[in-house]
Structures are given as structure tokens and as C-alpha cells.
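Working notes for the structure below.
The values are calculated or read from the model by the stated rules, or taken from the named source; none is laboratory data. Keep in mind that what you see is a predicted model, and the values were worked out from it rather than measured. Neighbour counts are summed over all protein chains in view; Cβ atoms, including those assigned to glycine, are modelled from backbone coordinates with ideal geometry.
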Amino acid sequence: MTRSNQELTSYRLQRARQTLEDARILADARRWNPCVNRLYYACFYAVSALLIQEGDYMDFVSFQESQIRRWLPEAEAFVEDIAVLIESSEK
């Protein structure tokens, strides 16, 4: 990962953590709809940090196994965590 990618990843993770902090504040204030909005964006920023890469829509981009293999278990865990949250809220 290049330095600029590392900086962007760090920035996006920082945004995710700050946004989670905002969600906690809103939850403590019992402001449920804006809290959900902050939770959504915290996850969005975290996933954006996870997927820092050349866009697959750019010309002459070819992804390598070493780039992608490490993201698979992280993405699988994320999706499973979301599924568990959804299933537990349905009970």
C-alpha cells in the first residue's frame, strides 16, 4: 500500500471511529433516527478504508490474488456480523 493509500485508510478509519462516537452520543440522547444514520456512515467509512484500491473501472487495472485474498475473510466477517444484527432484531 502506498503512503497516500495508508493515509487515506487511516483517515477513513478515524472518520469511522468519530462517527461511532457521534452515534453513541445520539443514542444516549435517545435520538434513534440520527443514531442509525451515524451507524450507517461509520460502517461505510470502515468499509471504504478496507477497500482502498485502484478502482476496477479504471483502464489497465488488474487485481492480484495477494491483494484480494486478505479482504475476503474481513468482508465475510462484516457481512456475517450484519446478518447476525438483522436476525437478532427480528426476534
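Structural remarks
- The condition (being in contact (Cβ under 8 Å) with a residue 40 or more places away in the chain and not hydroxyl-bearing (Ser, Thr, Tyr)) is satisfied by just one residue among 3, 12, 24: 12.
- Complete set of residues in region 5-46 that are hydrophobic (A, V, I, L, M, F, W, C) and under 16 Å from the mean Cα position of the chain (by Cα): 8, 13, 16, 20, 23, 36, 39, 42, 43, 44, 46
- Meeting the requirement of 2 or more residues that are modelled with pLDDT of 90 or more and among the basic types (Lys, Arg), the helices (runs of 4 or more DSSP H) wholly within the chain are 3-28.
- For region 13-40, the set of residues classified as in contact with an Asp or Glu (Cβ under 9 Å, 6 or more places away or on another chain) and surrounded by 17 or more Cβ atoms within 10 Å (Cβ to Cβ) consists of 35, 38, listed by residue number.
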